[in-house]
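Student: Structure incoming, see below.
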Amino acid sequence: MKGGSRGNRDFDFGGMIMSRDILYTMLQNGPLRDLLSVGGIRPPMLRLDQLNDMLRAHGLPPVLFTYDAQTVVDEIPTVILPADRVVFVPPAGTPLGFTQWGMTATALEIQTTAGVQVLPSPAGMVAVVDKDPRPPYREAAYVDATVMPILSRPRGLFVADVAP
């Protein structure tokens, strides 16, 4: 996606991320294999380097990797990247956003109840050791953090809905 199709981006996409199913579908695609046929004999399957060369030749970014990870949501295994999506990502090193750290509820509670001034740490974390001065002597450690990822350049990503 070059030139006028950049929209408000100041860069071309650096690559694509997709499921294994989509990658295998592309590697086995007949018309793509026809482009590499020699003497009317086409290869049974493309290699990834051949596919990426063809994509680059047509102004598209290469396939970087496949992503088929799952997580459990309400006790149901759920794929993170659906099998019918391809994510176009910026070139390596191009920032999409940042991580914002903030004051934790524990730090605010210490500040208001104990009168101790708590400044946000560079890491945005607070750690407290609570000691009981009476027998039986016990200690408890509490560590927490408040963090939020901020996508400040959403136009740096593009998610395409494709046929699996």
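The values are calculated or read from the model by the stated rules, or taken from the named source; none is laboratory data. The structure displayed is predicted, hence computed values, not measured ones. In this analysis, Cβ positions are derived from the backbone assuming ideal geometry, glycine residues included, and neighbour counts consider all displayed protein chains.
Student: Just checking, which of ALA140, ALA69 is in the same structural domain as SER19 (by TED's automatic domain parsing) and of a type in the set (Gly, Ala, Ser)?
Tutor: Of ALA140, ALA69, the one residue that is in the same structural domain as SER19 (by TED's automatic domain parsing) and of a type in the set (Gly, Ala, Ser) is ALA69.
Student: Please give the strands (runs of 3 or more DSSP E) falling wholly within region 41-159 in which 2 or more residues are touching an Asp or Glu at 6+ places or on another chain (Cβ under 8 Å) and of a type in the set (Gly, Ala, Ser).
Tutor: Because the criterion is at least 2 residues that are touching an Asp or Glu at 6+ places or on another chain (Cβ under 8 Å) and of a type in the set (Gly, Ala, Ser), the strands (runs of 3 or more DSSP E) in region 41-159 that meet it are 138-151.
Student: Kindly indicate the residue of region 8-40 that is at pLDDT 90 or above and part of a strand (DSSP E or B) and also nearest to ASP68 (Cα to Cα) among those meeting that condition.
Tutor: MET18
Student: Continuing with the same structure: Exactly one of these conditions fails for ASP130: (1) in contact (Cβ under 8 Å) with a residue 12 or more places away in the chain; (2) in the same structural domain as GLY15 (by TED's automatic domain parsing); (3) exposed (fewer than 12 other Cβ atoms within 10 Å of the Cβ); (4) among the acidic types (Asp, Glu). Give me its number.
Tutor: (2)
Student: Listed residues ASP84, ASP49; which is in contact with a strand residue (DSSP E or B) (Cβ under 7 Å, 6 or more places away or on another chain) and either polar (S, T, N, Q) or outside the structural domain of VAL128 (by TED's automatic domain parsing) (or both)?
Tutor: Sole residue among the options that is in contact with a strand residue (DSSP E or B) (Cβ under 7 Å, 6 or more places away or on another chain) and either polar (S, T, N, Q) or outside the structural domain of VAL128 (by TED's automatic domain parsing) (or both): ASP84.
Student: Exactly one of these conditions fails for VAL162: (1) surrounded by fewer than 11 Cβ atoms within 10 Å (Cβ to Cβ); (2) closer than 30 Å to PRO61 by Cα; (3) among the β-branched types (Val, Ile, Thr). Give me its number.
Tutor: Status for VAL162: all satisfied but (1).
Student: Shifting gears a bit: Of the conditions (1) under 30 Å from VAL87 (Cβ atoms); (2) at pLDDT 80 or above, PRO164 fails just one. Which one is it?
Tutor: Every condition holds for PRO164 apart from (2).
Student: Here are ALA114, ALA107: which of them is without any contact (Cβ under 8 Å) to a residue 24 or more places away in the chain, farther than 24 Å from PHE158 by Cβ, among the small types (Gly, Ala, Ser) and crowded, with 16+ Cβ neighbours inside 10 Å?
Tutor: From the options ALA114, ALA107, the qualifying one is ALA107.
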